[in-house]
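Here is the structure we will look at, set down as structure tokens.
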Amino acid sequence: MHITSGRAGIVLALKDAGVVSGDEVLLPAYHSLSMIPPVTWCAASTVFYQINIDTCINNEDIEKKITPHTKAMIVTHYFGILQDLTKVRELCDKKNIALIEDCAHAFFGAKNGAVVGTQGDYAIASSMKFFPCFDGGILASSNKKLSNITLEHQPISLQLKSLFNILERSVGYSRLGIFGKILKKILALKSVTWAIIKNVNSTNRELTRVAAATEGGYDLDESWIHKNISTASGIIVNKSNGSRIVKKRRENYKKIYDSMKHLSTAYPLFEAIDDHCVPLLFPLYVKNPQQAFDTLKRQGVPIWRFGEHLDPRITIDEYPDSIKLSKHVLQFPCHQELSTAEIDWMLTLIKQAIK
């Protein structure tokens, strides 16, 4: 089902799995803080398990962390590189634990013959990370009906907000050619239109409040949990050319990999990807990351640090590899719409900042 965000999907999956107060949910120590509010919303407790330096799950640590209160576990496919879930699937079956695949980084792909999202009891995804949409997530299951989950349509004010935002971003990135120049003038009225909508609906903030996920926040807004994806975003997800996205992302990743694999103070976190991998980003392990991060950020290079802020319980003594990943792994785009010139510009600046 198409929902508003991946974190809304986590809430819906946890609720469907029967997670309640007193239960425990296992989360990876290398994580986005947006994972935690859905568990808290269900009044359950979070328990963290080790992630190895190659981002693989630590099956031995997972087994140690399981208690009679463990009701669910979330496993993340980092950066589009799929985890091997064979052992953890067997463990969850044995212990009657709901397995949730976090596919926020992995909308496409397969591993060992299993398509992404089909080994967990539930799978959640973030459409916004792969498609040019304003909002959107996926909740799916290969063994649950999900028929008891009901969703509502977004109000017209937010439907318009979604449409305006999508068009505005396209124009801002010069992706619409001559049509974009015409739209730029039309969109000059957007701020005025949105201000009017907000003023008219000032007595009902829910009608004009967007989900935190659409603006990069970590919070969970209860009013967005049972909402459908906006119409404009849904059309984009359903009508996009998936084969082209897969092909272009793989090509761009390879180009960046070939350029980055000989750096002396940094190295690609993963070896060359296999034929079934569809990356979200290109992760680079940098020995001295802070100066490079600051320099590239100032130069306008798109750069991120997944897990830059971790839960305070994640300490260097107990979770050393997660801390290292958080501090040392920088991510760069391999988006399907990047041009050759844009990638070459980015690579030149990266190699100047990271020798």
## Note on the structure
Across 5 Å bins beginning at 0, the whole-percent shares of Cα-Cα pair distances in segment 211-355 come to 1, 8, 15, 17, 17, 16, 13, 9, 3, 0
### Task
Over the residues of segment 247-326, compute the C-alpha Rg and express it relative to 2.2 N^0.38 Å.
1.23
#### Entry: Kirkwood-based shape ratio for segment 1-158, expressed as Rg/Rh from alpha carbons
0.95
### Task
Please work out the Cα center distance from segment 249-305 to segment 44-65, rounded to the nearest Å.
25
### Query
Taking only the alpha-carbon positions of the chain and ignoring solvent, what does the Debye formula give for the base-10 log of I(q)/I(0) at q = 0.08, 0.16 Å⁻¹?
-0.41, -1.54
### Query
From the residues SER339, ALA353, ILE323, which one has its Cα farthest along the dipole of the chain in the positive direction, the dipole being from +1 and -1 charges on Cβ of Lys/Arg and Asp/Glu about the Cα centre?
SER339
#### Entry: Square roots of 5 times each gyration tensor eigenvalue, C-alpha, segment 66-179, largest first, Å
34, 18, 11
### Task
At 1.4 Å probe size, with every protein chain present, just tell me what the per residue accessible area of the chain comes to in Å².
48
### Task
Summarise the accessible area of the chain (1.4 Å probe, protein heavy atoms) by the percent that is carbon and sulfur.
54
#### Entry: When the convex hull of its Cα atoms is projected in every direction, mean area for segment 29-116 (nm²)
5.8
### Once exposed loop GluC sites (Glu not before Pro) are cut out (DSSP; at most 15 other Cβ, 10 Å), longest piece of the chain
1-270
### Task
Quick one: compute the contact order of the chain, relative version, from alpha carbon pairs under 8 angstrom and 6+ residues apart, as a percent.
20
### Query
Once the principal axes of the Cα atoms of segment 281-344 are found, what is the range along each, listed largest first in whole angstroms?
44, 24, 17
### Task
Please list, or write none, the lysines whose alpha carbon is within less than 28 Å of the alpha carbon of LYS144, excluding same-chain residues fewer than 8 places away.
LYS15, LYS64, LYS65, LYS71, LYS87, LYS94, LYS95, LYS111, LYS129, LYS227, LYS239
### Query
Stretched out fully, how many nm does the piece from ARG89 to THR348 gain, at 0.36 nm a residue minus the Cα gap?
89.0 nm
### segment 1-68: proportion of alpha-carbon pairs further apart than 16 angstrom, %
52
### Query
When only the heavy atoms of the protein chains count and the probe is 1.4 Å, how do SER223, SER233, SER243 rank by accessible area, highest first?
SER243, SER223, SER233
### Task
Please work out the C-alpha center-to-center distance from segment 334-355 to segment 127-163 and express it in whole Å.
32
### Test item: Cα-centred dipole of the chain, Lys/Arg +1 and Asp/Glu -1 on Cβ, debye
1320
### Query
For HIS226 and HIS69, what is the calculated FRET efficiency with R₀ set at 25 Å and r taken between the beta-carbons, to the nearest 0.05?
0.40
### Query
For the modelled label position 7 Å from the Cα of LYS324 along Cα-to-Cβ, which residues of segment 1-38 have backbone nitrogen atoms closer than 15 Å?
30
### Task
With a Förster radius of 30 Å, plug the Cβ-Cβ distance of THR340 and ASN241 into 1/(1 + (r/R0)^6) and report the FRET value to the nearest 0.05.
0.95
#### Entry: Inter-site label distance for ASN112 and THR40 at 7 Å from Cα along Cβ, in nm
3.5
### Task
Would you mind checking which residues have amide H under 5 Å from ALA72's amide H? H placed 1.01 Å from N; only 5 or more apart, or other chain.
GLU24, LEU26, ALA98
### Query
Tell me, what ³J(HN,Hα) does each residue in segment 332-349 have, in order and in whole Hz, if you take phi through Karplus 6.51 cos²θ - 1.76 cosθ + 1.60 with θ = phi - 60° and put x for Gly and Pro?
10, x, 10, 4, 5, 9, 5, 8, 4, 5, 5, 5, 4, 4, 5, 5, 4, 5
### Cβ charges +1 (Lys, Arg) and -1 (Asp, Glu), total dipole of segment 245-308, debye
220
### Message
Suppose we take every Cα in segment 63-111 and form the convex hull; what volume per residue is that in Å³?
### Response
79
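The values are calculated or read from the model by the stated rules, or taken from the named source; none is laboratory data. Here the structure is a predicted model, which is why all the values come from computation and not from measurement. In this analysis, Cβ positions are derived from the backbone assuming ideal geometry, glycine residues included, and neighbour counts consider all displayed protein chains. Protein only, heavy atoms only, side chains kept; ligands, DNA and RNA dropped before computing areas. Shrake-Rupley method; radii C 1.70, N 1.55, O 1.52, S 1.80 Å.
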